[in-house]
1. Could you tell me which residue of segment 47-61 is modelled with the lowest pLDDT, considering only residues that are in contact with a strand residue (DSSP E or B) (Cβ under 8 Å, 6 or more places away or on another chain) and surrounded by 13 or more Cβ atoms within 10 Å (Cβ to Cβ)?
2. Mind checking which pairs have a first residue in segment 62-81 that is small (Gly, Ala, Ser) and a second that is surrounded by fewer than 15 Cβ atoms within 10 Å (Cβ to Cβ) and not in a strand (DSSP E or B), Cβ under 9 Å, 6 or more apart or different chains?
3. What strands (runs of 3 or more DSSP E), lying completely within segment 49-120, carry at least 3 residues that are out of contact with any helix residue (DSSP H, G or I) (no Cβ under 9 Å at 6 or more places or on another chain), within 30 Å of Pro23 (Cβ to Cβ) and of a type outside the set (A, V, I, L, M)?
Amino acid sequence: MIVTEKHIPDNLEVFQGHFPGNPIMPGVLLCEAIFQSAALLMAKKSDKTSYSDRQLPFLTRISQAKFKKTVLPGDNVQIEVKLIEAVASACYFKGVLKVAGKVAIVVDFACKMTAPPVKE
């Protein structure tokens, strides 16, 4: 498991359009914060010693996403990600994002470790 925290600054450009006069943090960006936390957990568990040897985690599945509380500019969020199961190169996770101890988002998702794409 990994626990991370993020302060949501009130001057983010996204708040100009989401929504003018009533800004809220977009759920897709909050989910991305959860996915990035999982990537940190995967990197920590990696047995690769060199950054260039590492594979990258690619998101392969999002399911059971539940949005329960609005996240506002100025909020501090706490993110908990648990590795539920690892099968070959696939990892299955449950992520929870909280604001002031209250659950805002719960999401199940999977990532697969893959070699970085090669540009031809």
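The values are calculated or read from the model by the stated rules, or taken from the named source; none is laboratory data. Quantities reported herein were computed from a predicted structural model and do not represent experimental measurements. Neighbour counts are summed over all protein chains in view; Cβ atoms, including those assigned to glycine, are modelled from backbone coordinates with ideal geometry.
1. Gln55
2. Short answer, once both residue conditions are applied: Gly74/Pro9; Gly74/Asp10.
3. Working: elements: 56-67, 76-87, 90-99, 102-114.
Those strands (runs of 3 or more DSSP E) span 56-67.
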